[in-house]
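The structure under discussion appears below in the form of structure tokens.
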Amino acid sequence: MNKILSQDEIDALLTTVSKGGSTQSHTGEGRSVHLYDFKHPERISKEQIRTLRTVHDNFARLFATNLSATLRTLVDVNLLSIDQVTYSEYTMSLSVPSALYTLKLKALEGKGILEISPQFLLYVVDRMLGGYGETNSETREITIIEQNVVSKMMQTVIAILNDVWSQVHPLDAVMEGFESDPQFIQIARASESLAILFFELRVKGTVYTMNFGIPYFVLEPILSKLSAQSIIAQAGRRDAQAAPTSVRERVLATKLPLKVLLAETVMSVRDFIDLQPDDLVQLDHRTSQPLPIMVGEKLKFLGSGGQVGRHRAVRVIRPISPEEEMIYE
């Protein structure tokens, strides 16, 4: 049924158009239509993005601590943002030459990409070889020798990445290859969405860049785990599983004093005062009797004395029964 607009409604529409405003369609009372970019869909929710930020903030903190110790200078690593772009847009944004490491994510059956500033790698090479970190301002391709110098640091980066991701889901990331030209790396289709985490590395007032990207189809199977409730639940299970092992390891590592009682006797104070060199003291313990072995102040074993090499030793014969322990006490 057609509805005829009133003069007031017509005037309101004309006023909106004249002001350059846009009308927003309503399919029902209280239901508004929101804009949706089909070319750049946001497939990862805001809650999942927050979880990724929490995980990689921890990565940034651990990486900064490790870098500061390795380079013998203060290094700050900060997570700047997390974006969702297509793989083609990401590769087009990279400069040539770049320093691109492809990571095989065994636990997720896919690949990730780690891009780090070539200038920062040159700075690392200079510092690790005893220099002051002075590098040329021009960006150039990293040589094979320089790749080998920084390989230990990159393995540490991957190890930290695996460690922080274990809070959510194992990555089992391993380094697969290195490229300086983005065109020679293809970890996803050009139209595939990519979650990119952008970091900054601050060293002596200079800022370098680093980013880590994971395709959406690699993350999709574990998106349900990227929630605060899931992480809290997993942390609780890990703590419950680790508690008995931790207690057992601490108990096994505890040190207790152990001593062997060779013999003992009782004498009066007068006899003790009258002792002279070469006097003989008769002991109550026979040489054929086993020696008591004390743990702390308690009798726990019986043994026999002997020698191993140049060291005195005692061989455990048997443990003390509960009845014998009570009698001794």
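Observations
- Strands (runs of 3 or more DSSP E) lying entirely in region 277-329 (those with 1 or more residues that are more than 11 Å from Val260 (Cα to Cα)): 298-308, 311-319
- Any chance Asp172 is touching a residue at least 12 places away in the same chain (Cβ under 8 Å) and in contact with a Lys or Arg (Cβ under 8 Å, 6 or more places away or on another chain): yes
- Residue, surrounded by the fewest Cβ atoms within 10 Å (Cβ to Cβ), within region 183-202, restricted to residues that are in contact with a Phe, Trp or Tyr (Cβ under 8 Å, 6 or more places away or on another chain) and not in a strand (DSSP E or B): Ser191
- Enumeration of residues in region 207-221 that are at pLDDT below 90 and loosely packed, with under 14 Cβ neighbours inside 10 Å: Pro221
- Of all residues in region 52-81, those being in a strand (DSSP E or B) and surrounded by 17 or more Cβ atoms within 10 Å (Cβ to Cβ) number 3.
- From the list Val124, Val168, the lone residue that is modelled with pLDDT of 90 or more and among the aliphatic types (A, V, I, L, M) is Val124.
- Hits in region 58-80 - residues which are under 13 Å from Asn211 (Cα atoms) and either out of contact with any helix residue (DSSP H, G or I) (no Cβ under 9 Å at 6 or more places or on another chain) or of a type in the set (Val, Ile, Thr) (or both): Ala60, Val77, Leu80
- One residue stands out among those in region 227-279 that are of a type in the set (Ser, Thr, Tyr) and within 30 Å of Leu52 (Cβ to Cβ): the one that is modelled with the lowest pLDDT, which is Ser230.
- Pick from region 32-81, criterion acidic (Asp, Glu) and modelled with pLDDT of 90 or more, ranking: nearest to Val124 (Cα to Cα): Asp76
- Gln84 falls short on exactly one of the conditions (1) under 20 Å from Leu171 (Cβ atoms); (2) surrounded by fewer than 16 Cβ atoms within 10 Å (Cβ to Cβ); (3) modelled with pLDDT under 90, and that condition is (3).
- Selection status of Leu103, in a strand (DSSP E or B), out of contact with any helix residue (DSSP H, G or I) (no Cβ under 9 Å at 6 or more places or on another chain), touching a residue at least 60 places away in the same chain (Cβ under 8 Å) and among the aliphatic types (A, V, I, L, M): no
- Count of region 142-171 residues which are exposed (fewer than 13 other Cβ atoms within 10 Å of the Cβ) and part of a loop (DSSP other than H, G, I, E, B): 1
- Screening Asp126 against (1) free of Cβ contacts under 8 Å to residues at least 40 places away in the same chain; (2) over 15 Å from Leu67 (Cβ atoms); (3) among the charged types (D, E, K, R) leaves a single unmet condition, (2).
The values are calculated or read from the model by the stated rules, or taken from the named source; none is laboratory data. All figures in this text were calculated on a predicted structure; none of them were measured in a lab. Because the Cβ atoms are built from the backbone with ideal geometry, glycine has one as well, and the counts that use them run over all protein chains shown.
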